[in-house]
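Heads up: the structure comes next, in structure tokens.
Nothing in this text is a laboratory measurement; each read-out follows from the coordinates by a stated rule. Computed from a prediction, not measured in an experiment: that's the story for all the values here. Counting neighbours? That spans all protein chains shown, and the Cβs are built from the backbone with ideal geometry, glycine included.
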2 protein chains.
Amino acid sequence: MSSPRVHVRYWLETGDDPQRAAEVIAGEQSSGTFLKLAGETPELKARSGARIESLTVLEQAAGASLPGGMASDRHTRCELVLSWPLDNFGASLPNLVDTIAGNLFELRQVSGLRILELSLPQAFADAYPGPAFGMAGTRALAGVAQGPLIGTIIKPSVGLNPRETAEQVRQLVEGGIDFIKDDELQADGPHCPFRERVSAVMAVINEHAQKTGRKVMMAFNITGELDQMKARHDWVLQHGGTCVMVCVNSVGLVGMSAIRRHSQLPIHAHRAGWGILSRSPWLGWSFPAWQVLWRLAGADHLHVNGLRNKFSEPDEVVAEAARSVIKPLFAEAPMTVVPVFSSAQTGLQARDTFQALGCADLIVTAGGGIFGHPDGVSAGVTAFRQAWDAAMQGIDLKQHAQGRPALQRALDFW
Amino acid sequence: MSSPRVHVRYWLETGDDPQRAAEVIAGEQSSGTFLKLAGETPELKARSGARIESLTVLEQAAGASLPGGMASDRHTRCELVLSWPLDNFGASLPNLVDTIAGNLFELRQVSGLRILELSLPQAFADAYPGPAFGMAGTRALAGVAQGPLIGTIIKPSVGLNPRETAEQVRQLVEGGIDFIKDDELQADGPHCPFRERVSAVMAVINEHAQKTGRKVMMAFNITGELDQMKARHDWVLQHGGTCVMVCVNSVGLVGMSAIRRHSQLPIHAHRAGWGILSRSPWLGWSFPAWQVLWRLAGADHLHVNGLRNKFSEPDEVVAEAARSVIKPLFAEAPMTVVPVFSSAQTGLQARDTFQALGCADLIVTAGGGIFGHPDGVSAGVTAFRQAWDAAMQGIDLKQHAQGRPALQRALDFW
């Protein structure tokens with residue numbers, strides 16, 4: 001029986017003949033060598049070689065998008081689909097990445113290369129656990145039966161000590177928030193040690209939960225070395241916490257996979273550093289391809305930026321990213337995760353976000369969109385929730401604001 | 001006492017006023033928020049804020065190098081040095097990366113951003129082990145007292161089974177090679193299982209070592225999930241192997257750090273995927289900054305490409321990369337590692353490589369440059385070594401070839 005195959009769709013720009021460039025890439029990333037070798041038999045190539053499944057010329061470029069490639073007066077842009085036999089590397093995410101995203105971006109035949117789509121055989125679903133909680137588990141822990149989890153981020157990002165952090169958390173939980181997260185810059189620095197912060201914050205959250213019957217979910221940033229992450233996770237668990245946050249790019253696939261197998265809590269995956277992998281349109285990863293890795297490795301929540309954000313990603317990229325994380329990965333193992341919307345979010349993006357995603361299974365975090373409310377945090381959270389009610393019911397926001405003073409006043413400052 | 005600081009030098013291109021852009025970056029990556037907050041006091045900013053140490057305008061760009069930034073008719077390129085107090089995050093590589101290489105590449109104020117240089121306080125030398133073997137340990141294990149380790153890579157990259165791999169290794173060790181490595185594409189795929197490969201290969205290497213008293217170093221690619229890497233490392237150790245290879249980008253910092261703390265063998269660090277981080281001149285990492293992370297985490301050997309390589313990096317970039325890994329990191333903890341030169345290498349690059357690095361403490365791997373010799377592998381290795389002798393002694397290569405038939409014939413095909 002022939003090996004199942006991994007399929008990858010690339011955007012490629014080349015100064016070479018596109019067919020030859022495709023062959024060089026396929027060869028470099030499988031059985032090929034620059035010098036013909038006796039050992040590279042036709043049987044070996046047929047069994048182990050990467051295969052060009054399709055090559056579609058899109059357009060001619062004005063010049064090379066990235067420097068360093070071969071000299072050429074003709075640069076062609078194409079879509080290239082390659083496939084690899086799983087027999088080459090097995091169902092291993094690191095070995096997969098070395099194959100599909102290894103030494104190919106530096107080839108002289110390449111003046112632009114971007115991974116657009118990644119499709120994996122069932123063996124990966126068998127080898128990796130995927131998210132343990134996802135949306136259903138998150139809703140159960142946070143006590144939010146429907147609609148988005150309305151959240152925020154501790155600010156300033158760094159600089160508060162544990163006591164000051166807990167004070168901010170007190171305002172937030174009393175204001176009715178569903179979800180809070182550490183900033184990705186806040187981990188276990190000497191000025192705000194992790195254990196003290198968790199103890200102080202969870203005292204506030206637990207006390208509030210006892211009064212109200214609902215425990216606000218706080219994503220504590222456990223990012224660090226593996227033993228540290230495990231110990232921090234355990235500390236959060238012991239103190240009644242319900243979520244941990246991991247910055248996936250700085251931790252890496254192996255660390256993420258290892259903490260997933262240890263964790264008893266949902267993992268909030270932060271994508272800090274994503275710009276390095278994606279900001280050049282001629283290089284790197286598209287989000288829909290990249291997110292496959294982290295869902296398999298076990299993320300429960302995954303950051304997707306937000307519509308009309310303060311960063312450089314346009315809305316259609318954000319919408320496509322958000323939809324990608326709720327699209328099933330495998331027929332019998334969907335491994336869908338919770339998209340986290342953030343960056344300059346207010347109730348004004350609720351309707352478009354709801355329509356772009358097609359549901360309200362999400363977390364949205366806002367800073368100014370909540371704190372900026374003239375009547376305080378509670379009114380800010382209420383207004384946010386009301387804006388989402390309007391979005392989900394298809395009611396015009398201004399109309400919905402009538403008779404709802406929190407939303408009414410929010411519309412003035414959003 | 002004030003906190004020690006981390007310093008980072010960036011290349012920045014911005015459509016904004018450079019000073020304002022620098023302030024946004026510094027704020028975003030420390031105590032700043034887009035909305036002024038009550039909690040962001042002057043004391044907090046002074047203690048926890050990133051500081052602009054210098055900002056030097058270099059030139060005006062013709063336009064934005066990367067899309068997605070703010071609309072502007074003026075894009076300025078500068079060098080920006082920022083510093084952060086260690087108190088924000090402590091001596092943690094993942095938390096450092098989230099801070100200096102996190103959510104800043106996506107800022108609208110940025111139309112280009114690249115990390116050029118990274119300087120860390122002593123606390124990192126105390127928190128991380130660095131390389132356990134380096135050049136001295138590698139020389140001792142490989143039995144190569146001076147000059148480079150002459151090496152090669154198993155080819156075809158994938159497709160050989162364990163028995164065929166061992167056959168190739170037999171030719172190589174009998175040919176007098178010092179160092180062999182798995183291709184980064186070869187790990188533990190079903191077609192060439194790791195354990196069988198190691199057993200078959202080490203039988204050959206051990207037998208040869210018993211005859212000759214010198215054990216050829218083979219870097220087995222253990223890249224995988226953490227438990228797999230540990231088990232593979234142990235298997236190599238049990239079978240008398242002397243080196244393991246890890247693809248650092250696909251494994252990530254936390255996985256690398258964890259395997260370093262487990263390993264009793266030198267770690268050969270492969271940089272597959274480096275092109276994603278570096279191929280755009282307007283984005284990502286320079287090698288001299290990036291390599292700091294992996295030396296601290298514990299790499300013993302680190303790939304630096306090769307002069308006149310088949311990839312897109314020009315020689316000056318390769319030379320700078322190679323020199324960077326042998327420059328001491330800390331006065332009392334130099335953590336220097338072995339640069340690994342590869343890609344289209346022959347004896348012809350020996351002289352320039354020696355001069356660029358300033359010493360012969362290195363590994364060089366060649367494929368065609370050895371296998372292509374008309375008199376076979378042994379003559380190929382001999383010729384390579386003779387070319388390096390000439391380079392180290394400052395003798396002209398053609399002159400040195402007189403009376404040395406292996407080198408003489410090699411000059412014809414190199």
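Some observations on this one:
- Across identical copies of the chain, A:R195 has label-point separations of 4.0 nm, listed in ascending order, with the point defined 7 angstrom from Cα along Cα→Cβ.
- Other copies of B:T212: label-to-label distances in nm, shortest first, labels 7 Å along the beta-carbon direction: 7.2
- Taking the C-alpha atoms of the range A:215-322, convex hull volume expressed per residue in Å³: 104
- Computed over the range B:269-346, the ratio Rg/Rh where both radii use C-alpha atoms and Rh is Kirkwood: 0.96
- For the range A:250-352, averaging the sequence separation of C-alpha pairs within contact (under 8 Å, six or more residues apart) and dividing by the residue count gives a relative contact order of 27 percent.
- Taking A:R5, B:R261 and counting other C-beta atoms within 10 Å, the order from fewest to most: B:R261, A:R5
- A Cβ-based charge dipole, computed about the Cα centre of the range A:96-177 with Lys and Arg at +1 and Asp and Glu at -1, lands at about 180 debye.
- Copy A relates to copy B by a rotation, and the A residue whose beta-carbon is nearest that axis, with the distance in whole angstrom, is A:G252, 0.
- As a proxy for reagent exposure, A:R20, A:R271, A:R385 were ordered by neighbouring Cβ count within 10 angstrom, fewest first; the result is A:R20, A:R385, A:R271.
- Reciprocal of mean inverse Cα separation for the range A:1-142 (Kirkwood radius, Å): 16.7
- Using a Förster distance of 22 Å, the FRET efficiency for A:D375-A:E167 (Cβ separation, nearest 0.05): 0.65
- Reachable lysines from A:K230, criterion Cα separation under 27 angstrom, eight or more residues apart if same chain: A:K155, A:K181, A:K215, B:K230
- Shielding score for A:304-315, defined as the mean number of other chain Cβ atoms within 10 Å: 3
- Summarised as an ellipsoid, the range B:46-124 has semi-axes of 27, 14, 11 Å, derived from the eigenvalues of the Cα gyration tensor scaled by 5 and square-rooted, with the largest first.
- Centroid-to-centroid separation of the range A:104-175 and the range A:342-402 [C-alpha atoms, Å]: 20
- Size descriptors for the range A:269-414 (Cα atoms only): Rg and Dmax, in that order, 16.3, 51 Å.
- Averaging 1/r over every pair of different alpha carbons in the protein assembly as shown and inverting the result gives a Kirkwood radius of 27.7 Å.
- Note on B:K230, A:K215, B:K211: ascending count of other Cβ atoms within 10 Å places them as B:K211, B:K230, A:K215, the fewest first.
- Take B:N161, push a point 7 Å out from Cα through the beta-carbon direction, and compare it with the same point in every other copy: 6.8 nm, smallest first.
- Temperature 10 °C, viscosity 1.306 mPa s: under these conditions the Stokes-Einstein estimate for the range B:340-414, based on its Kirkwood radius over C-alpha pairs, is 132 µm² per second.
- Summary of packing: across the peptides A:41-47, A:83-89, A:308-314, B:356-362, the per-residue average of other C-beta atoms within 10 Å ranks them, highest first, as A:83-89, A:308-314, B:356-362, A:41-47.
- Mean projected area (nm²) of the alpha-carbon convex hull when chain A is viewed from all directions: 22.8
- Net charge dipole size for the protein assembly as shown [Lys, Arg +1 and Asp, Glu -1 on Cβ; Debye, nearest 20]: 680
- In degrees, nearest ten, helix B:18-28 long axis to first principal axis of chain B (Cα): 80
- Pairwise Cα separations in the range B:119-218 fall into 5 Å bins from 0 onward with the following percentages, short to long: 2, 12, 20, 18, 15, 12, 9, 5, 5, 1.
- Sum of side-chain charges, B:P339 neighbourhood, beta-carbon under 12 Å (Lys, Arg +1; Asp, Glu -1): +1
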